[in-house]
């Protein structure tokens, strides 16, 4: 049976240091590199950690790959950032925020691991350098290096499928879609966003005629939502769609503005259903029905995944999908359901 002396011998640290690290002694100010090494060797030798505290990272870097000044477009990332702060505080973890990957690489040795939040793509060389100094990391929302780091994101494709069925069950058959530019997977940027891909695939499988009803290009902004809604209505003429499924709330705000300006009644003529469930959904006219991405769940899962990675519980990288839930308001009320006030 492995004991503290075995770990001390293998790491070169004293038995007292090993004991205090593995017992999760919060009063013991060990370097992160020391904690890393002791926990890693303990797991390699088959030593069972006696408290969960020992495996929880004490100092975590957060890479912010988004610009909060962009308003509704990036409010989702701001919400997740605040959820990370709350969950870290509950676990007595210290977070340090970095605006770019180069700054994080330079300071990497000071941290247990990192969480990256935001859609900005990264260069291959930067990802390799980041892995060299910080091998334990979790990306939220994108997956730029699936062979190097863990990741999690909301299951947007399943959300689109759920939305299509919810609209059809209410009798909405002529469903339009408004989305934005593509997504990043690995080091590649795909032309189509996963929400657009899911809409195209499932409307085809369900034999739905959506010819001329799909507009999915450009940025996820209010202005682009207005522009694409105008194009949709101009092309549709008197044959309005029954519903518009929108890829994100930032776009949906612009869609609702265009429908109001064109005197199209929502939801009587056209239902509008979106994804993100940002706070702004409560203040649109009418209030916007949207699928909620639970920021607290994303934050909690990211930190748990990072902790499990640090203590060596995984042989392979884990890539997790989180489900969403519909928050019904006045722009679309599912069959046999009352909207939220």
If residue 230 satisfies every condition in (1) under 27 Å from residue 168 (Cβ atoms); (2) over 19 Å from the mean Cα position of the chain (by Cα); (3) exposed (fewer than 14 other Cβ atoms within 10 Å of the Cβ) but one, which is the exception? (3)
Qualifying residue in region 204-219 (condition: surrounded by fewer than 14 Cβ atoms within 10 Å (Cβ to Cβ) and part of a helix (DSSP H, G or I)): yes
Specify the residue that is nearest to the chain's Cα centre (by Cα); the eligible residues are those in region 282-297 that are crowded, with 22+ Cβ neighbours inside 10 Å and at pLDDT 95 or above. 291
Would you confirm whether or not region 247-258 contains a residue that is buried (at least 17 other Cβ atoms within 10 Å of the Cβ), farther than 30 Å from residue 62 by Cβ, outside the structural domain of residue 223 (by TED's automatic domain parsing) and modelled with pLDDT of 95 or more? no
Identify, from the list 240, 245, the residue that is over 25 Å from the mean Cα position of the chain (by Cα) and not in a helix (DSSP H, G or I). 240
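The values are calculated or read from the model by the stated rules, or taken from the named source; none is laboratory data. Only a predicted model underlies this, so the values are computations on that prediction, with no experimental measurement involved. Using ideal geometry, Cβ is built from the backbone for each residue, glycine included, and neighbour counts are taken over all protein chains shown.
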